[in-house]
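The structure under discussion appears below in the form of structure tokens.
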Amino acid sequence: MNITFQERGCDIIFIISNYDIKYEPVLKMCYFEKEGNSFIKKYNKNIRNIQIIKNNFLNHAEEMFSQLGYFTNIPWEDALLEFIKRVEGKNINWWLTGSCACCIRGIKLNPHDVDIMVDSKDVEKLNELFLDCMVEPLVDTNGWVTKDFGVLFKQARIDIASDPSSILDEPTPIDCGPYARAHLEAVMFKGYKVLVPPLTLSLNVNKKRKRLERVKLIEDFINKNRPL
Amino acid sequence: MFKWNKCVQKMIDLIEDNLTNDVTLEKLSKELHYSSYYCTRQFHQYVGISLRNYIRLRKLSAAALCLRDTTHRMIDIAFKYGFSSQEAFSRSFTKVFGISPNKYRKMPHPLPLFVKRNTYNPYLLGIKRDIDKNFAKEVKVNIQVIPKHQFIGLIDYNVSKYYDFWERQEKIYGRDCYKVSGILESIKSYNGVVGGWYKGGYIYGIEVPWDKQFHVADYFEKIVFPESLYVIFHYPPYEYNKDESLVFNLLDKKIKSWSPIDYGYQYHDLNPIYQRHQPETYGQAICKPIKMIKNKKNG
């Protein structure tokens, strides 16, 4: 896999070429666009610290994509622990969503990344704290579902998104929307208290995405742990 | 009376006409001559969802149909519906519909599309209007073959009227008309979502190729109907909120006065009667299955 960078007008382009064909679905999943024989992603070249982010991407991209495709082991627990230790005591509001939020309750879902939700007011702090492992800049994406989005790689991929929009809760609340944020539950993970959405919301999102194996695992867990 | 039903409907119609433009609260409130705050509050009250989310969900749903029905580049579709990038579009689409636009384009499967809302329905609001027959157009009658096809949709053999049908669906089964319509509209069909009658009951669904597999919820019936001749009573496009009753009466009158025997046919009930209903674009048609009368000379 070749990773190169190119400046085009106001943009800096992250280019991935000479990749094994097995990476194609992974790159698409990560919203890289096909351009000829390469996959590319554009960022504004004036984004702060873009040179450092480029280097981080160069050093970690292949390992990250390999994990995302389940071609190698994914130490998501180490990544989550690293994140928790770094933000501890920094007055940053954050919560865990996605499959890891189920896993730390004891449901074995086999995550390929760690999904963290934050408040946009803390984005600056996070940009400073995680600059050494930021592989995609944490910036305002003008998105309809979340405000800022960025990616870290610290042993495993960590996606960070801020300020979920209420559109995520239409028609049914899911595990990363404002409803989830308003109903967080505390779960202990390696001695730390982690806030996660209610399991029913994780169930909703997996039903929506037709991930039937995950639906079954979550339903089984809910049924086993239902109070008598 | 029903002033805000009408005003919110106007906002909905304006949004619908401007799905590929920048629709803002400021523009809408200017049209209505009310404050932005009041408009957005009333919209939420009457539609049950914020104006911003409504616009976004309608745009995403229209973009989904564009992905399904055209070969336009995804980035062009993203820009067309107001996204700042292909990534922003893909991310929103995936989160809202649970499938990436790429996957949906390759293998379109039913999605819970967000369909246009209606807050001003004279029938439901009990508004009686004088029908101005002077503007009535002619109901056209023609005979067509509807090929063998599969009907996917809901059937209730206990009711024969549209509003009774939905009352039961919503109360007994918890199935919301908008939700069901959204799923059905996401599937490419011959004539869009249709109503109709079959074996004394009311039906609501789509006509699709008979040999295609669609993965829909179990509560949707799937029935293959054979090829049949149909007589189509068609009224051209009209304004739904204004002329629905007039069109219904005109169609009814025409159907009663048209005798199939005069043309060498008779009605049959092996196939359903379909009601195609897209007032603003197609108009309305009642399609009744017929067959030729055997042994009729010269006929």
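Can you name the residue in segment A:204-220 that is closer than 10 Å to A:Leu109 by Cβ and part of a helix (DSSP H, G or I) and, of all such residues, is nearest to the other protein chains (Cβ to nearest Cβ)? Give the steps one after another, and end with the answer.
At the first step, the residues of segment A:204-220 found to be closer than 10 Å to A:Leu109 by Cβ are A:206, A:211, A:213-214, A:217-218.
When the remaining residues are screened for being part of a helix (DSSP H, G or I), the result is A:206, A:213-214, A:217-218.
Details: A:Asn206: 9, A:Glu213: 15, A:Arg214: 12, A:Leu217: 18, A:Ile218: 15 Å.
Of everything passing the filter in segment A:204-220, A:Asn206 is nearest to the other protein chains (Cβ to nearest Cβ).
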Filter segment B:111-129 for residues that are of a type outside the set (Val, Ile, Thr) and more than 21 Å from B:Leu19 (Cβ to Cβ); which is modelled with the lowest pLDDT?
-> B:Arg129
Of all residues in segment A:51-75, how many are crowded, with 18+ Cβ neighbours inside 10 Å and either over 19 Å from the mean Cα position of the chain (by Cα) or assigned to a loop (DSSP other than H, G, I, E, B) (or both)?
-> 1
In segment A:76-91, is there at least one residue being acidic (Asp, Glu), free of Cβ contacts under 8 Å to residues at least 24 places away in the same chain, out of contact with any Lys or Arg (no Cβ under 6 Å at 6 or more places or on another chain) and more than 13 Å from A:Gln155 (Cβ to Cβ)?
-> no
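Would you mind listing the strands (runs of 3 or more DSSP E) fully within segment B:158-273 where at least 1 residues are in contact (Cβ under 8 Å) with a residue 40 or more places away in the chain and basic (Lys, Arg)?
On the way: elements: B:194-198, B:201-209, B:221-225, B:228-235, B:265-267.
Fully inside segment B:158-273 and qualifying: B:221-225.
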Residue set A:Val187, A:Val196; condition surrounded by 21 or more Cβ atoms within 10 Å (Cβ to Cβ) and within 15 Å of A:Trp95 (Cα to Cα); output residue A:Val196
First in segment B:73-90 and facing chain A (nearest Cβ under 9 Å) and among the charged types (D, E, K, R), second anywhere and assigned to a loop (DSSP other than H, G, I, E, B) and buried (at least 19 other Cβ atoms within 10 Å of the Cβ), Cβ under 9 Å, 6 or more apart = B:Glu87/A:Tyr31; B:Glu87/A:Phe32; B:Glu87/A:Thr141; B:Glu87/A:Gly143
From the list B:Arg175, B:Arg105, which one is touching a Lys or Arg at 6+ places or on another chain (Cβ under 8 Å) and under 30 Å from B:Ser50 (Cβ atoms)?
-> B:Arg105
Filter segment B:99-109 down to residues that are at pLDDT below 90 and outside any helix (DSSP H, G or I) and give me whichever is nearest to the other protein chains (Cβ to nearest Cβ).
-> B:His109
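The values are calculated or read from the model by the stated rules, or taken from the named source; none is laboratory data. Keep in mind it's a predicted model, so treat the numbers as computed, not measured. Counting neighbours? That spans all protein chains shown, and the Cβs are built from the backbone with ideal geometry, glycine included.
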